[in-house]
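See below for the structure under consideration.
The values are calculated or read from the model by the stated rules, or taken from the named source; none is laboratory data. As the structure is a computational prediction, the values presented were derived from the model and not from experiment. Because the Cβ atoms are built from the backbone with ideal geometry, glycine has one as well, and the counts that use them run over all protein chains shown. These accessible areas exclude ligands, DNA and RNA; they are computed on the full protein's heavy atoms, side chains included. Shrake-Rupley method; radii C 1.70, N 1.55, O 1.52, S 1.80 Å.
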Amino acid sequence: MRIAAGHLAAATLTAATACSNSSQPVHAKVPATAEASTRPSDIFKPLLQQTLPNAKGKTFTSAVVDFPPNARALPHRHGQAFVYAYVLEGTVRSKLDDKPVTTYHQGENWVEQPGAHHVLTENTSRTEPAKLLVVFVSNTGDKLKVDDPKS
């Protein structure tokens, strides 16, 4: 299963890099927040955004999310998007909804169901960066990440 997921992640990253001249340019970055001033935050780097021709109203987006040392993302949601995350580098700690905190190492992956609340996402290292490949299948036009700093 991990091998198949690894191949999927590598193929997605390769395809996204090779096909970055999609019909919809992607230039968004996740803005810094007040909490980010005390602890580094994640950096969202879109790779490819493409409407799905065989799934009306749906868009495929791939991105790399960099986590500098000791970085933590604010609690957030991805709306009604289905999300796949693959650890390209480092180690990331994650908590979804009321599930237990899980630590993912390079080569490991997880999925987030539509509507999931991502309560915790952080780089476990104070000295080394971490990096994720994240793939979204979302409703066309929806925001991919909505911070929820009050939770």
Is one or more of the residues making up segment 34-55 open to solvent by less than 30 Å² (accessible area, probe 1.4 Å), among the β-branched types (Val, Ile, Thr) and under 13 Å from the mean Cα position of the chain (by Cα)? no
Tell me which residues, restricted to segment 105-124, are in a strand (DSSP E or B) and open to solvent by 20 Å² or more (accessible area, probe 1.4 Å). HIS105, ASN109, VAL111, HIS117, VAL119, LEU120
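Would you pick out the residues in segment 72-123 that are among the hydrophobic types (A, V, I, L, M, F, W, C) and closer than 16 Å to SER138 by Cα?
Correct list: ALA81, PHE82, VAL83, ALA85, VAL111, ALA116.
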Some residue of segment 90-98 being open to solvent by 40 Å² or more (accessible area, probe 1.4 Å), out of contact with any helix residue (DSSP H, G or I) (no Cβ under 8 Å at 6 or more places or on another chain) and in contact (Cβ under 8 Å) with a residue 40 or more places away in the chain: no
Failed condition for THR102, given (1) surrounded by fewer than 16 Cβ atoms within 10 Å (Cβ to Cβ); (2) in contact with a His (Cβ under 9 Å, 6 or more places away or on another chain), with all others met? (2)
Can you find a residue in segment 15-23 that is modelled with pLDDT under 95, of a type in the set (A, V, I, L, M, F, W, C), within 16 Å of the chain's Cα centre (by Cα) and surrounded by 13 or more Cβ atoms within 10 Å (Cβ to Cβ)? yes
So which residues in segment 125-151 are in a loop (DSSP other than H, G, I, E, B), of a type outside the set (Ser, Thr, Tyr) and closer than 21 Å to LEU48 by Cβ? GLY141, ASP142, LYS143, LEU144, LYS145
Working only within segment 67-81, note down all residues that are open to solvent by 20 Å² or more (accessible area, probe 1.4 Å) and either closer than 17 Å to ASN123 by Cα or in contact with a Pro (Cβ under 6 Å, 6 or more places away or on another chain) (or both). PRO68, PRO69, ASN70, ARG72, GLN80
Write out, first by first residue and then by second, each pair whose Cβ atoms fall under 6 Å of each other, whose residues are 6+ apart or on separate chains, and whose first residue, in segment 43-68, is in contact (Cβ under 8 Å) with a residue 60 or more places away in the chain while the second is in a loop (DSSP other than H, G, I, E, B) and open to solvent by less than 30 Å² (accessible area, probe 1.4 Å). VAL65/ASP42; PHE67/ASP42
